[in-house]
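Reviewing the structure listed below.
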Amino acid sequence: MINVTLFSSVAFIYLISSFFYFCYLFFRKQKIGKAGTFLTVVALIVHTIAYLVRWIESYQLGIGHSPLSFFTLYETLVFTCWSMALIYLVVERTYQVKILGALVIPLISLGMLYASLSPNLSGDIEALPSVLQGNFLAYHVVSCIMSLVAFLFSLVVSILILMTHNSHTATPLCRRFFNQLPPLKVLDDLSYKTIAIGFILFSIGMATGAYRTKIIWGSYWSWDPVETSALIIWLIYALILHGRYQRWWGWKLSSALSIIAFSIAMFCFLIAASYVMVSGHYPIL
C-alpha cells in the first residue's frame with residue numbers, strides 16, 4: 001500500500017534530520033540547525049499526507065474508517081511519532097531550543113523505523129470491530145496519545161533540569177551540552193506548560209472514554225484497571241499543576257514528580273494494552 005511506503009520514507013527523513021540536529025549540537029552552526037528544522041517540517045508534511053492516503057485506501061478496501069481510529073499497534077506508533085514531531089516543532093518555534101532536536105527527533109526516527117521494519121508489526125488496514133466503531137473512538141485515542149506525548153516532553157525536560165542542576169559532576173562533553181540549554185527558568189516553564197497541555201488533553205481523553213464506557217457497558221465508570229490507573233494519573237498531574245500554582249514547591253520537586261507521574265502513565269498504557277493485567281478496555285468480541 002502507498003501509505004505504508006510513505007510512512008517508511010518518513011522514517012528516513014527523520015533519521016537524516018536527526019543527523020543534522022546532532023551536527024548542530026557539536027558545531028552550533030545556524031545553517032545546520034535550520035536544515036534539521038526544515039527536514040523535520042518536510043517529514044511532518046509527508047507524514048500527514050501518508051495519513052490522508054491511508055484514509056483514502058481504507059475506503060478503497062471497503063473498510064472506510066478514519067486512520068485516527070486506531071486499532072493496531074502500527075497505527076498507534078506512527079501517530080505517536082506524528083504527535084511528537086508536531087509538538088516538538090511548536091516547542092522549538094516558541095522557545096528557540098533547537099538543541100532538544102538532538103534528543104527528540106532520534107526517538108521519532110527510531111519509532112518510525114521500528115514501525116516500518118519490524119516483522120512483528122503489520123501496516124495492513126484492518127476493519128474496526130463493531131463495538132469500537134463510532135463511540136468517539138478517534139477523539140478518545142487521539143487525545144490520550146497526544147496527552148502522553150506532551151507528558152513525555154515534560155519528562156525529557158524534567159530530566160534535563162535535574163541533570164543541569166548537577167552538571168558540575170558531569171563529563172566535559174556533557175557539560176558542553178548542558179551549557180547550550182536555555183536557563184533553568186525557561187526549562188521549568190516549558191515543563192510546566194507541557195504538563196498543562198497534556199493535562200487538558202488527558203481530561204478530554206477521560207471524558208470521551210467515560211462516554212464510550214456508557215455506550216459499551218451501560219455505565220460511565222466501573223473501576224476497571226484502566227479507569228482506575230487513569231484517575232491516578234489525572235490526580236497526580238493535577239497535584240503537580242496545583243502545587244506549582246500555589247507555590248508549594250519549586251522546580252526541583254516538580255521535575256521529580258513529573259518523572260514519577262510519567263512512569264505511572266506508562267504503566268497505565270501497558271494495562272490498557274493488556275500487557276500487565278486483564279482489562280475490559282477492549283471488550284472481548
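Of the residues making up segment 188-197, just one is over 14 Å from residue 152 (Cα atoms) and touching a helix residue (DSSP H, G or I) at 6+ places or on another chain (Cβ under 7 Å), namely 188. Every condition in (1) of a type outside the set (Phe, Trp, Tyr); (2) within 24 Å of residue 211 (Cα to Cα); (3) within 16 Å of the chain's Cα centre (by Cα) holds for residue 72 except the one numbered (3).
Among the helices (runs of 4 or more DSSP H) contained in segment 1-118, which hold 2 or more residues that are farther than 24 Å from residue 143 by Cβ? Give the steps one after another, and end with the answer.
Numbers: elements: 2-27, 30-60, 73-95, 101-117.
Of the helices (runs of 4 or more DSSP H) lying wholly inside segment 1-118, those with at least 2 residues that are farther than 24 Å from residue 143 by Cβ span 2-27, 30-60, 101-117.
Scanning segment 6-64 for residues that are of a type in the set (Lys, Arg) and within 25 Å of residue 103 (Cβ to Cβ) yields 28, 29, 31, 34.
If the condition is being open to solvent by 40 Å² or more (accessible area, probe 1.4 Å) and either modelled with pLDDT under 85 or farther than 30 Å from residue 252 by Cα (or both), then segment 132-161 contributes 133, 134, 136, 139.
Mind checking whether some residue in segment 33-43 is surrounded by 20 or more Cβ atoms within 10 Å (Cβ to Cβ) and either at pLDDT below 80 or touching an Asp or Glu at 6+ places or on another chain (Cβ under 8 Å) (or both)? Yes: one or more hits. Taking segment 85-122 as the range and being of a type in the set (Ser, Thr, Tyr) and either more than 23 Å from residue 191 (Cβ to Cβ) or open to solvent by 30 Å² or more (accessible area, probe 1.4 Å) (or both) as the test, the residues that pass are 94, 95, 109, 114, 116, 118, 122.
State which residue is farthest from residue 105 (Cα to Cα) when the search covers only segment 44-66 and only residues that are under 23 Å from the mean Cα position of the chain (by Cα) and in contact (Cβ under 8 Å) with a residue 60 or more places away in the chain.
65
The values are calculated or read from the model by the stated rules, or taken from the named source; none is laboratory data. Note that the structure is predicted; figures quoted are calculated from it, not measured. Cβ coordinates were reconstructed from backbone atoms using ideal geometry, including for glycine residues, and neighbour counts include every protein chain displayed. Keep in mind that these areas ignore ligands, DNA and RNA; they rest on the heavy atoms of the full protein, side chains included. Shrake-Rupley method; radii C 1.70, N 1.55, O 1.52, S 1.80 Å.
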